[in-house]
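Undergrad: Below is a structure I'd like to ask you about.
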Amino acid sequence: MGSYSLNNLSGPSDLRAMSTLELEALAQEIRDRIIGTVLRNGGHLGSNLGIVEATLALHVVFDSPHDAILFDTGHQSYPHKLITGRNGDFDTLRKRGGLSGYPNRRESAHDWIENSHASTALSYAYGLSAAFQSRGDGRRVVAVVGDGALTGGMAYEALNNIGHRKLPIVIVWNDNGRSYAPTVSRLSSSLTKLRLNPSYIQARNRIKRVIAEIPKVGTLAASSLANVTSALREAIEPRVFFEALGVRYTGPIDGHDIRELVYALAGAKEWDGPIVVHVLTEKGRGYGPAEDDEIQRMHDLKIPHSIQEIDGMPPCSYTEAFASEIVELARKDDRLVAVTAAMGGPVGFLNFQAEFPDRFFDVGIAEQHAVTAAAGMAMAGLHPVVAIYSTFMSRAFDQVNLDVGLHNLKVTFVIDRAGVTGDDGPSHHGILDLSQMLAVPNLTVFAPSSVGELRVQLREAVSLPGPSSVRFPKTPGVEQVGGDVGSGMAARIVHQGGEALVIVGIGKLLYPALIAAEVLAGDGLDPTVVDPRVIRPLDPVLIDLLSRAEMVITVEDGVVLGGAGMFIGSRIAEENLDVRLLHLGIGQQYIPHGVPDEILAECGLDPLGIARSVKEFVERLDPRRVTPGRLDSAN
């Protein structure tokens, strides 16, 4: 390969001195590095393997970081990280204190944005390009946008403004026919039909042969789809679509042919307005197991963390429990339908889709549309179950509030990946959903503390006449905590201690709260531990119990401000203003990536941290209650 390799690559500028053969060899080295690291650390594999050649070509043609290269849904940024000087740290990918799994402005000047939510890069590009243009500094902006991101409405809002203002933005449309799973989009499906049309293929090959036979034209022109063109491109629907918005279209281009990519991008760079370079890539390219994964192409490889048994019970997946329970419920109620936003597999709808294909709705990466569409379904007599990750549910809060809540519609929101999620970092922790759902006046909010509770509460939620939400974490749980879950929704006392001191363990933090109570017993404290099960409406028996206490501590895997603890505290205060309250949860901060249990411990939400906070709280209010014990020796 000559003198260039990842180990001696000083930065993107080195690429411009490399031959095509050297770049191709470097592409293979990058793939090997990504595969080796992701198999150890976990992370996004398929999307990164598919974008290697295109990323190399981008850095050959554009001068990063002077030119801004933006990756929409930053899970396709690993090759970019390796090219821009982070190869030496790449073994730390997604580890605590190591490289982020997404672009990160603190890591490198080459990372302009830290986005990991889809459909946003075109809006960033609009703002950056408008600013560069107003300053007259000639810097270019490139937005790499996956075909999945073009199912999100925000992308079209930005495209409309980019075309209207004629900003010189290069949009690389990375078309692999997939987001998390095969992409839901007429734009992609029409293009796929065209690519498979025998007449198109024959005409394309015939034109390439004619060009190849013309003296002095050369093989580059013959291989470049940009030169096959103008009459042939008239038949391509995407060209009509983009150019109707004022954005020039070129392609499709072979996304694994570096020479062809460089040629196309260099031409696009000279264009004085917005232009789409349509690049066809193969998700998971170069790694057999990913290429053979027909559903996700190993979109996100999980490395499980060790989970200890609780009281002899093995850990269980909340998502798997939901997946089986929702199918059982659908068999009993033909009005029940499933709605998701490009994440049917990750949220557990694949079995539902297989058994009830006509009752499964994947709307693409369009959470707002998903929720309002569900509202329409509910108005017509269906019962939609909308399953979305907690972090993505934030994008549809207005629709939850005013399209579902305001109309008091029978829609159940299933909020997966709630709380601290781990390796994906600040953009993926689901710590806002309790605060958001509790802000919707008539929405019933469930917080199951175990996998068994999830099954019971999901059945209860779908039986309600109005809107409801059920949240559960990414991390495994157990079948039950603190005895039989029963069938009703009454709050449960999982440890009967004294009435004066009560700990309310919300959702998955019930078990750490229960262990904390055992630790506190060594310091002379014996709190009662309660599982509220339903945060709104609160069980009247629970309100009575808490309002008679002297001190109440709430513990939750979410933000404290406006969260479940404060909601419970406000109800207690209505009954007895003398109750002293302590709310434990996530403070106002952006939480970095790491192992969930380690992050919770740093936030004081592990059993020892909860016990210490409770002891300190009691000592401040009534030091006579506390005796020296285990917590003193643990300090």
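The values are calculated or read from the model by the stated rules, or taken from the named source; none is laboratory data. In this text the structure is predicted, and so the values were computed from the model without any measurement. Ideal geometry is used to build each Cβ from the backbone, glycine not excepted, and the neighbour counts take in all protein chains shown.
Undergrad: Just one of (1) surrounded by fewer than 23 Cβ atoms within 10 Å (Cβ to Cβ); (2) modelled with pLDDT under 90; (3) assigned by TED's automatic domain parsing to the domain that holds F242; (4) of a type in the set (A, V, I, L, M) trips up L167, so point out which.
TA: (2)
Undergrad: Same structure, new question: Which ones in the stretch 557-581 are under 22 Å from R471 (Cβ atoms) and either in a strand (DSSP E or B) or among the aromatic types (F, W, Y) (or both)?
TA: If the condition is that a residue be under 22 Å from R471 (Cβ atoms) and either in a strand (DSSP E or B) or among the aromatic types (F, W, Y) (or both), then D557, G558, V559, F567 are the ones that fit.
Undergrad: Name the one entry in L520, L514, L510, L501 that is within 26 Å of the chain's Cα centre (by Cα) and at negative phi. Working first, answer last.
TA: Details: L520 fails: within 26 Å of the chain's Cα centre (by Cα); L514 fails: within 26 Å of the chain's Cα centre (by Cα); L501 fails: within 26 Å of the chain's Cα centre (by Cα).
That would be L510, the only listed residue that is within 26 Å of the chain's Cα centre (by Cα) and at negative phi.
Undergrad: Additional query: Could you please tell me which pairs satisfy a Cβ distance under 6 Å, a separation of 6+ or placement on different chains, a first residue in the stretch 137-162 that is assigned to a strand (DSSP E or B), and a second residue that is of a type in the set (G, A, S)?
TA: Qualifying pairs under 6 Å: V141/A68; V141/A125; V141/S129; A143/A121; A143/A125; V145/A121.
Undergrad: Considering each of V420, V485 in turn, give the residue that is under 30 Å from L99 (Cα atoms) and at pLDDT below 85.
TA: Working: V485 fails: under 30 Å from L99 (Cα atoms).
Sole residue among the options that is under 30 Å from L99 (Cα atoms) and at pLDDT below 85: V420.
Undergrad: Are any residues in the stretch 503-531 within 18 Å of S547 (Cβ to Cβ) and surrounded by fewer than 24 Cβ atoms within 10 Å (Cβ to Cβ), and if so, which ones?
TA: T528
Undergrad: Is it the case that the stretch 568-591 has a residue that's in contact (Cβ under 8 Å) with a residue 60 or more places away in the chain, over 17 Å from A517 (Cβ atoms) and among the acidic types (D, E)?
TA: No: zero hits.
Undergrad: Follow-up. Pick from F62, F71, F90: which is over 23 Å from Y590 (Cα atoms), touching a residue at least 12 places away in the same chain (Cβ under 8 Å) and of a type in the set (F, W, Y)?
TA: Details: F71 fails: over 23 Å from Y590 (Cα atoms); F90 fails: over 23 Å from Y590 (Cα atoms).
Selected residue: F62, the only one of F62, F71, F90 that is over 23 Å from Y590 (Cα atoms), touching a residue at least 12 places away in the same chain (Cβ under 8 Å) and of a type in the set (F, W, Y).
Undergrad: V481 fails exactly one of the following numbered conditions: (1) among the β-branched types (V, I, T); (2) outside any helix (DSSP H, G or I); (3) assigned by TED's automatic domain parsing to the domain that holds D334. What is the number of that condition?
TA: (3)
Undergrad: Test G419 against the stated conditions and say whether it is crowded, with 22+ Cβ neighbours inside 10 Å and not assigned by TED's automatic domain parsing to the domain that holds V595. Steps first, please.
TA: Values: crowded, with 22+ Cβ neighbours inside 10 Å: yes; not assigned by TED's automatic domain parsing to the domain that holds V595: yes.
Yes; evaluated as a whole, the condition is true for this residue.
Undergrad: Here is a further query. What number goes with the only condition from (1) outside any loop (DSSP other than H, G, I, E, B); (2) modelled with pLDDT under 95; (3) within 22 Å of P596 (Cβ to Cβ) that T554 does not pass?
TA: So the condition that T554 fails would be (2).
Undergrad: Quick check on my filter: what residues within the stretch 592-606 are touching a residue at least 60 places away in the same chain (Cβ under 8 Å), charged (D, E, K, R) and either touching a Ser or Thr at 6+ places or on another chain (Cβ under 6 Å) or surrounded by fewer than 16 Cβ atoms within 10 Å (Cβ to Cβ) (or both)?
TA: Restricting attention to the stretch 592-606, the residues satisfying the condition of being touching a residue at least 60 places away in the same chain (Cβ under 8 Å) are 592-600, 603, 605-606.
Going one step further and asking which of them are charged (D, E, K, R), we end up with 597-598, 606.
Across the stretch 592-606, the qualifying residue is only E598.
Undergrad: Sticking with this one: Before we move on, is A25 assigned by TED's automatic domain parsing to the domain that holds I169, in contact with a strand residue (DSSP E or B) (Cβ under 8 Å, 6 or more places away or on another chain) and assigned to a helix (DSSP H, G or I)? Write out each step before concluding.
TA: On the way: assigned by TED's automatic domain parsing to the domain that holds I169: yes; in contact with a strand residue (DSSP E or B) (Cβ under 8 Å, 6 or more places away or on another chain): no; assigned to a helix (DSSP H, G or I): yes.
Considered against the rule, which asks whether it is assigned by TED's automatic domain parsing to the domain that holds I169, in contact with a strand residue (DSSP E or B) (Cβ under 8 Å, 6 or more places away or on another chain) and assigned to a helix (DSSP H, G or I), A25 comes out as no.
Undergrad: Another question, if that's okay. How many of the residues making up the stretch 336-374 are under 20 Å from R459 (Cα atoms) and of a type in the set (A, V, I, L, M, F, W, C)?
TA: Residues that pass the stated criteria total 11.
Undergrad: So if I check each of A373, A396, which one is free of Cβ contacts under 8 Å to residues at least 60 places away in the same chain, within 17 Å of G466 (Cα to Cα), assigned to a helix (DSSP H, G or I) and not acidic (D, E)? Give the steps one after another, and end with the answer.
TA: Values: A396 fails: within 17 Å of G466 (Cα to Cα).
The conditions single out A373.
Undergrad: Let me ask something additional. When the residues of the stretch 422-437 are narrowed to those that are polar (S, T, N, Q) and more than 26 Å from H44 (Cβ to Cβ), which ends up surrounded by the fewest Cβ atoms within 10 Å (Cβ to Cβ)?
TA: S435
Undergrad: Within the stretch 399-416, take every residue that is of a type outside the set (V, I, T) and surrounded by 19 or more Cβ atoms within 10 Å (Cβ to Cβ) and give me the one that is nearest to L458 (Cα to Cα).
TA: Just the residues of the stretch 399-416 that are of a type outside the set (V, I, T), to begin with: 399, 401-403, 405-410, 413, 416.
If we keep only those that are surrounded by 19 or more Cβ atoms within 10 Å (Cβ to Cβ) too, we end up with 399, 403, 405, 409-410, 413, 416.
Details: Q399: 22, D403: 22, G405: 19, L409: 17, K410: 13, F413: 10, D416: 13 Å.
Going through the qualifying residues, I end up with F413.
Undergrad: Looking only at the stretch 379-393, which residues are in contact with a Leu (Cβ under 9 Å, 6 or more places away or on another chain) and closer than 27 Å to P473 by Cβ? Please lay out each step first, then the result.
TA: Within the stretch 379-393, the subset in contact with a Leu (Cβ under 9 Å, 6 or more places away or on another chain) is 379, 382-385, 390-391, 393.
Correct list: H383, P384, V385, S390, T391, M393.
Undergrad: Could you tell me whether the stretch 407-416 includes any residue that is in a loop (DSSP other than H, G, I, E, B) and free of Cβ contacts under 8 Å to residues at least 40 places away in the same chain?
TA: Kept after step one, since they are in a loop (DSSP other than H, G, I, E, B), are these residues of the stretch 407-416: 407-411.
Those left that are additionally free of Cβ contacts under 8 Å to residues at least 40 places away in the same chain: 407.
Yes, the stretch 407-416 contains at least one residue that is in a loop (DSSP other than H, G, I, E, B) and free of Cβ contacts under 8 Å to residues at least 40 places away in the same chain.
Undergrad: Confirm whether L546 is farther than 27 Å from K474 by Cβ, surrounded by 15 or more Cβ atoms within 10 Å (Cβ to Cβ) and either in contact (Cβ under 8 Å) with a residue 12 or more places away in the chain or not charged (D, E, K, R) (or both).
TA: Working: farther than 27 Å from K474 by Cβ: yes; surrounded by 15 or more Cβ atoms within 10 Å (Cβ to Cβ): yes; either in contact (Cβ under 8 Å) with a residue 12 or more places away in the chain or not charged (D, E, K, R) (or both): yes.
Judged against the criteria, L546 is a match.
Undergrad: When the residues of the stretch 73-94 are narrowed to those that are modelled with pLDDT under 85 and not in a helix (DSSP H, G or I), which ends up surrounded by the most Cβ atoms within 10 Å (Cβ to Cβ)?
TA: The selected residue is T73.
Undergrad: Considering V456, V519, which residue is part of a helix (DSSP H, G or I), among the β-branched types (V, I, T) and under 21 Å from V414 (Cα atoms)? Lay out the reasoning, then the answer.
TA: Values: V519 fails: under 21 Å from V414 (Cα atoms).
The conditions single out V456.
Undergrad: Which helices (runs of 4 or more DSSP H) sit wholly inside the stretch 226-339 and have at least 1 residues that are among the polar types (S, T, N, Q) and at pLDDT below 55?
TA: Output list reads 230-233.
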